[in-house]
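Working notes for the structure below.
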Amino acid sequence: AIVRQNHTANAALFSAFRADYTVVSRAIVAEHCIALVRTPLLAPFIERVTHGDEAVGTALLERIEALVGQARITAWGLRVSAAGAPALHRALMVEHQTVTIDALLRDPAARERPLPAVPLLLLRQDEPRLAPAGDTELRAADEVLFAGTNAARERLQQTLENANVRDYVLLG
């Protein structure tokens, strides 16, 4: 069977159908290419999930859906550096704090509430780690790929850039 996919939201349906050949519209191809350029960690993540353990990918998708609900899911990368995450970088390098992924993913509006975001991939010293655990301690130069809502991405950015927000999120 040959099928034509017109919307990215239908990807799971087309995958489940297992057609002999799927024609994908140029808009979907362009959208995918733009996402890979904007979020370089997306390519190694897709590679790991595609050629790795399907159960890990399924578990990540279920976790994302549980946290995000019906909201649109977005992916973004974080590089722990003075330029990309100055407040976090200072906490690690100058203040010698220990910061885990879970601690970082607290809502700056109410720190007891987790942000609707899931870490998909940690790249440390060119070694990708799929689905890093929440208790993973971050280090300078780490790169992390997240999936979640745009609001979660924006709130996390506040924590990464503002030392006062960072201290509230991490220390209370």
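Can you find a residue that is modelled with pLDDT of 75 or more, open to solvent by less than 40 Å² (accessible area, probe 1.4 Å) and either touching a Pro at 6+ places or on another chain (Cβ under 7 Å) or hydrophobic (A, V, I, L, M, F, W, C) (or both) anywhere in the range 23-36?
No: the range 23-36 contains no residue that is modelled with pLDDT of 75 or more, open to solvent by less than 40 Å² (accessible area, probe 1.4 Å) and either touching a Pro at 6+ places or on another chain (Cβ under 7 Å) or hydrophobic (A, V, I, L, M, F, W, C) (or both).
Please work out if ARG18 is within 29 Å of GLN158 (Cα to Cα), modelled with pLDDT under 80 and surrounded by fewer than 15 Cβ atoms within 10 Å (Cβ to Cβ).
Judged against the criteria, ARG18 is not a match.
Quick one: in the range 110-149, which of the residues that are of a type outside the set (Lys, Arg) and without any contact (Cβ under 8 Å) to a residue 12 or more places away in the chain is surrounded by the most Cβ atoms within 10 Å (Cβ to Cβ)?
Among those that are of a type outside the set (Lys, Arg) and without any contact (Cβ under 8 Å) to a residue 12 or more places away in the chain, it is ALA110.
Give the residues of the range 141-158 that are in a helix (DSSP H, G or I) and under 22 Å from LEU42 (Cβ atoms), sorted by residue number.
Within the range 141-158, ASN150, ALA151, ALA152, ARG153, GLU154, ARG155, LEU156, GLN157 meet the criteria.
Out of the residues in the range 76-102 meeting the condition of being part of a helix (DSSP H, G or I) and closer than 16 Å to ALA131 by Cα, tell me which one is least open to solvent (accessible area, probe 1.4 Å).
So, considering only residues that are part of a helix (DSSP H, G or I) and closer than 16 Å to ALA131 by Cα, the one least open to solvent (accessible area, probe 1.4 Å) is ILE101.
Quick one: in the range 150-164, of everything that is surrounded by 15 or more Cβ atoms within 10 Å (Cβ to Cβ) and of a type in the set (S, T, N, Q), which residue is nearest to ALA117 (Cα to Cα)?
GLN157
Taking the condition of being among the polar types (S, T, N, Q) and more than 19 Å from the chain's Cα centre (by Cα), how many residues in the range 138-172 meet it?
Qualifying residue count, the range 138-172: 2.
The values are calculated or read from the model by the stated rules, or taken from the named source; none is laboratory data. Remember, predicted model here, so these are calculated numbers, not experimental data. Positions of Cβ are backbone-derived with ideal geometry, glycine not excepted, and every protein chain shown enters the neighbour counts. Please note that ligands, DNA and RNA were not included when accessible areas were found on the heavy atoms of the full protein model with its side chains. Shrake-Rupley method; radii C 1.70, N 1.55, O 1.52, S 1.80 Å.
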